[in-house]
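Here's the structure, in structure tokens; my notes come after.
The values are calculated or read from the model by the stated rules, or taken from the named source; none is laboratory data. Just so it is clear, the structure is predicted and the values come from calculations on it, not from any experiment. So basically every Cβ, Gly included, is an ideal-geometry build from the backbone, and we count neighbours across all protein chains shown. Side chains included, ligands, DNA and RNA excluded: accessible areas come from the protein's heavy atoms. Shrake-Rupley method; radii C 1.70, N 1.55, O 1.52, S 1.80 Å.
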Amino acid sequence: DCLEFNSAYPDCKVDYHDYIGDGYCDGGVYNTVECGYDGGDCLEFNSAYPDCKADSPSDIRDGDCEAEYNTVECGYDGGDCSSFNLA
């Protein structure tokens, strides 16, 4: 419902309102204070990786080493890049 969304997140400017609070952490503009950190969906991610700016938080700790998240801030892709970094 648009009225409920606009009341809860008046400064959240996203294309897909139904992504907010859907149980899936969407990155980018969804994971902002204005959007309630994706309606609370990104709170666990933000707690684990507070300085990681991921457009696709679901790629972190998914079993695959993504180069863009192989950083200290992203926990070396949530540990996915550990064996790669040892090589």
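Would you please name the residue that is least open to solvent (accessible area, probe 1.4 Å), looking only at residues in segment 43-65 that are closer than 21 Å to Tyr30 by Cα and of a type in the set (D, E, K, R)?
Once the filter is applied, the top-ranked residue is Asp59.
Being among the hydroxyl-bearing types (Ser, Thr, Tyr) and assigned to a loop (DSSP other than H, G, I, E, B) is the filter here, so list the residues in segment 21-65 that pass it.
Selection gives Tyr24, Thr32, Tyr49, Ser56.
For segment 21-42, which residues satisfy the criterion of being crowded, with 20+ Cβ neighbours inside 10 Å and either modelled with pLDDT under 95 or closer than 23 Å to Cys81 by Cβ (or both)?
Cys25, Asp26, Asn31, Cys42
Restricting to segment 1-53, count the residues that are among the charged types (D, E, K, R), within 27 Å of Gly78 (Cα to Cα) and in contact with an Asp or Glu (Cβ under 8 Å, 6 or more places away or on another chain).
Result for segment 1-53: 7.
For segment 66-87, what are the residues that are open to solvent by 90 Å² or more (accessible area, probe 1.4 Å) and within 18 Å of Gly28 (Cα to Cα)?
Matches in segment 66-87: Glu68, Glu73.
Yes/no matrix, rows are residues, columns are (1) within 22 Å of Asn85 (Cα to Cα); (2) more than 11 Å from the chain's Cα centre (by Cα); (3) among the aliphatic types (A, V, I, L, M):
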residue: Ser47; (1), (2), (3): no, no, no
residue: Pro50; (1), (2), (3): yes, no, no
residue: Asp55; (1), (2), (3): no, no, no
residue: Gly63; (1), (2), (3): yes, yes, no
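Among the residues of segment 1-20, which ones are assigned to a loop (DSSP other than H, G, I, E, B) and surrounded by fewer than 16 Cβ atoms within 10 Å (Cβ to Cβ)?
Within segment 1-20, Asp1, Pro10, Asp11, Lys13, Asp15, Tyr16 meet the criteria.
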